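Structure record follows, encoded as structure tokens.
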Amino acid sequence: MNNIEKFRKNASVESLGLSDPIIYEDILNILTNNSIQPSSLLDIGCGQGEFIKLLKMTLKECEVSGTDLTEFTDQDVYNFIPQDLNLDFNNLFKKYDLITAIEVIEHVENGRHFIRQIEQLLTLNGDAFISTPNTESWRSLISFFIRGYHVNFGPKNYPAHICSYTEFEIKNIIKETTNLDVVSVYYVKNGKIPSTQMNWANIIPFVNNKRFSDNFIVHFRKIK
């Protein structure tokens, strides 16, 4: 294993293979509300498989697979495929009706390459969901102004989190792949009030936009 491979492996391990359960819940709600019923699904960066377990309960007739650089736990409950997410997805030969990548794109070196790989794996009219930390929240903007780095992209997050994206940037990356079309962007109601552990949603329940959210979800589709 060379130095780059060791760096990637360490970053994968440091990610812990878990994300905010609120993000999982939001994506499941979007799938339900939009009557998305795939026959095959791939969770990229599946980590400990917590989201896949929820998906299997919701999409009972769906063939579910997951891929990650690190096999965190016993993943016999679904088809696990080891894969360095920075490289071409050569291990993933089939196409999928639904692809999810929750809190993954900030971990990889080239977001454009990552999106192109997702496009290659999607069936025609297949759906994909990615989520990533929101650098446009009040909390993140204040952190950048005071400390010089956004929330979730400081020294304690490196080398797990290496690339940050705004909604504008993610949309442009997706649109650069002409086979893909952005369906919707959702801001997760999990934003913390700066310098506290309290959520904005507990104080102002009706607020739901980029200034009050710590993560956002982009839903896109393969159109040709």
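Just the residues that are of a type outside the set (Lys, Arg), within 16 Å of Asn209 (Cα to Cα) and in a loop (DSSP other than H, G, I, E, B), please, taken from region 171-193.
Val188, Asn190, Gly191, Ile193
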Next item on the list: Scan region 81-98 for residues that are assigned to a strand (DSSP E or B), surrounded by 14 or more Cβ atoms within 10 Å (Cβ to Cβ) and not hydroxyl-bearing (Ser, Thr, Tyr) and report the count.
Entry: 3
Check: With respect to the numbered conditions (1) within 12 Å of Val218 (Cα to Cα); (2) buried (at least 22 other Cβ atoms within 10 Å of the Cβ), which one is the sole condition not fulfilled by Thr135?
Finding: (1)
Notebook entry, point to check: With Phe114, Phe153, Phe168 as the choices, which residue is buried (at least 18 other Cβ atoms within 10 Å of the Cβ), free of Cβ contacts under 8 Å to residues at least 60 places away in the same chain, part of a helix (DSSP H, G or I) and of a type outside the set (Ser, Thr, Tyr)?
Noted result: Phe114
Next item on the list: Only residues that are surrounded by 17 or more Cβ atoms within 10 Å (Cβ to Cβ), touching a Ser or Thr at 6+ places or on another chain (Cβ under 7 Å) and not aromatic (Phe, Trp, Tyr): list them for region 195-221, please.
Entry: Lys210, Ser213, Asp214, Asn215, Ile217, His219
Next item on the list: Quickly run through region 174-185 and pick out the residues that are surrounded by 20 or more Cβ atoms within 10 Å (Cβ to Cβ) and either more than 19 Å from the chain's Cα centre (by Cα) or touching a residue at least 60 places away in the same chain (Cβ under 8 Å) (or both).
Entry: Leu180
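Quick note: the coordinates plus some simple rules give every number you see, no bench work behind them. What you see is a predicted model; the values in this text were computed from it and never measured. Counting neighbours? That spans all protein chains shown, and the Cβs are built from the backbone with ideal geometry, glycine included.
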